[in-house]
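Down below is the structure, laid out as structure tokens.
Read-outs: derived from the displayed coordinates by stated rules, not from any lab. Please read these numbers as outputs of a predicted model, since none were measured by experiment. Cβ sites come from the backbone with ideal geometry, for glycine too, and all protein chains shown count toward neighbours.
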Amino acid sequence: MPRLSSPLAVYKKPLQGMDARESRPEGAPALLFNVDTSWEGTWRARPGFFRKTFTAAADKCMGLYPFRRGGDFFIVSIWADLAAKRMVLRFHVDEADASGNQLALKGTTLLNGSDTNFPGLGEPYTDKHFYDFVQAGRFLYFCNGHGRLFEMELTSPSPPLLYPDAINIRNQFLENGMAPSALSYLQDGFSPASLHFFFDQLVVTGFDRETLIGLSNPLDASQTDIPDDILNAARDRVIVTQSHVFVSEPALWRSYPLEDAGGMYWLFDEDVVASENVRQTLLIFTTKSVFRITGHGSATPRREWIADASLVSARAMCHFSTYLFFVADEGCFVTDGGMVRKVSEPMDPLWFNDESPPLCRKTQQAFVKTVVPGNVNPRLLRECAAVDDRTRKQVYVSLPSAGMGENSMLWVWNYEDMISEQGPGKWSIWAGPEEEFTTSAVVVSTEAITAVTTGSPTTVLCNAADFLSDYELVVGDEFQVEITGATITASGVVVTELNTTHTAILTTLNRFTVPVNTGTYASGAYTGTVHMPLGLNTNSTAAGSPRKHMHITAMAVDRGPGTEIVYTGTSTGGIYAIESSQVDSDGVQGVGPFKGTPTLLGFPVLMGLGLTGEVEADGRTIYTDVSVRMKQTMRNSAQDDNSPVMTVVARSEGEAQKLLKATDPELEFEQAIDIMQEGVSETTTSVIGDAAEPGIFLGSGAGGTSSPLMEKEYHRFYARLNVPDEEGRGVVVDIHRSAKNRSHDMTVEEVILYGLPKSGSQREQS
């Protein structure tokens, strides 16, 4: 196709990550949604999330750990049973079961019930406190700061796991160590939230309340290391506070001496969140600061302040390369044990909810049920988790979007440029498919929408108390309500109302009201789907509802021989894995470590290029073409109606355009990019051989039908827009692909926006 204008904006390989700031670098898009930046400097559709197992829709994953020791491998998972209000521990092995689950359930027990195998463990129920894990040889320790500290021991390795014969679980196991007569050891009863293995010692911290704990020996009255104000009168009990850090004796992970200088640290006026090490340096994270401990294990350990940053939880950090990544209230940081550097500046507008990336209205409407634009809910940062995917050189951060009650998106940071000293890294946002409210979140009217003779009354649609408790809402919030309804007979007339959208208003904290057209609605009860506040652009969640798989509440990495898999646990009873291989809607799988039948859910893809092409105030820009250079990886929509469609949408930022209504067709310009299949067509028949005596086939079928695509070739595809830019304000351009329940391969290496600057005012050009 001939080029009719000059290139005004060029995005070329190596492509940059997203930058949500208004003054972003040239070539950086304003939003990358479900885009993977780890593939050779291109923008690629993110890999699929494949379901490995499913427990129950009412189970919320509170912890996940791949346990690997020698030839033994199984996954430990902890769930909050939302229906029965109990904590459940499960063990899964890597083999398919009769239901097609790729992780077969091999054992389960109740942590707070009367299970016959492990009676009386007494773990309190919670769906807010997540578990931290640490493995030491055949032992696995886990806790959440709310309940007990547990020890799991693999006693007789014999894969497949024979549960419970091969496992012992204890929650009272502390013991006196190497000097039982000389030192005072902690007895059972403390409840840390953070566990860390460092130089053959367990470091425990993250106490969220003061607890009085007994000692094996009373402290000598002459000692001065332990303050008297945290001891009882008999000096045989100690108050464990939020500022304590305890370190076990080497190789004795059940013994914690109090007066050993290397065994207990007390940070005055600092509530400790967690500990971790990087480059053989012990770090202590508090609600205010980051410290490092020098002289660990000696008689004179010291703490040194290195940064002001408040870690949000023990799960919100992970190692990558020779650095430690962590999430604080102020954003995302990395440290090498000396310096602390913030790496999330490009995402600050979304982190602090200052602004949102400029998007076209059609794009916003298409993505209203996803987490676009990706604003963060700062009130729930304690629930976030982080994990390193070494294969793709990127960190996944599971975060709650604004207005959400739990994690609903992944912020993805590709660190390849940072470790190669080529740049600060690349950001993108991943989330699931468009989501609908279900069960308690589907609002079913128990009150009739009554037709009246005059006006369009504000009619009570529903009682919203069932799910408002999951959100921090105020009277006046607007919601999008899709009234689906049933066929209703009124006065002999059959009325069917389907998929009609209204703007609902929260009039009280218990009720929605919806203005309805009484000429359309007959008397009767209608059902409706309520989406979260329009200004938040969030997806759905509610207690007891079957949420989608991207509501990730736990993450972990299995680094076994020749494999590395990122596992995710969800709030809907599923364990998923991030896989590079793809499957289509029929469950046909590509190359990958699959067992059983993988399940792939479709997801939309969005590249928001933001505001581009700004010129002088006395001129305007006319965009004529959008060019996308990408790999040919699938048939076009004319040949296969299940192929995702790529669409370009653009709008002017001029003042005149802002006066137009959002429904006005002149407001925005939209065109689908035709993804062509090049080479041999599907109807070409091979003349060399046939089905009986095959020779050379051009495709997979006998006679050469279903021809292969040229997957290694890049092709340029165009969209013709002709978007006038009123008053020289620039043009907002979005490129997106629809969600399909099939493989979503897409690799883009270049995007060019062509336009023609024209001088003179809008009035003169008219």
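The modelled label-to-label distance for the pair residue 241/residue 670, using points 7 Å beyond Cα in the direction of Cβ, is 6.1 nm.
Going by neighbour counts of Cβ atoms within 10 Å, the residues 61, 318 line up, fewest first, as 318, 61. In this simple spin-label model, placing a label point 7 Å from the Cα along the Cα-to-Cβ direction at both residue 5 and residue 305 gives a separation of 5.5 nm. Given R0 = 51 Å, the distance between the Cβ atoms of residue 153 and residue 13 translates into a calculated FRET efficiency of 0.50. Here 185, 714 are placed in order of increasing Cβ neighbour count within 10 Å, fewest first, which gives 714, 185. Taking 0.36 nm per residue of separation and subtracting the current Cα-Cα distance, fully stretching the chain between residue 39 and residue 136 would add 31.4 nm. Site pair residue 330 and residue 266 shows an inter-label distance of 2.9 nm when each label is modelled 7 Å from Cα along Cα→Cβ.
Put in order of Cβ neighbour count within 10 Å, fewest first, the listed residues 418, 178, 746, 317 become 178, 418, 746, 317. Considering Cα pairs under 8 angstrom that are at least six residues apart, work out the relative contact order of the range 363-403 and quote it in whole percent. About 41 percent, as a whole number.
Checking the Cα-Cα distances for 85/128; 128/369; 393/426 against a 18 Å cut-off, the pairs over it are 128/369.
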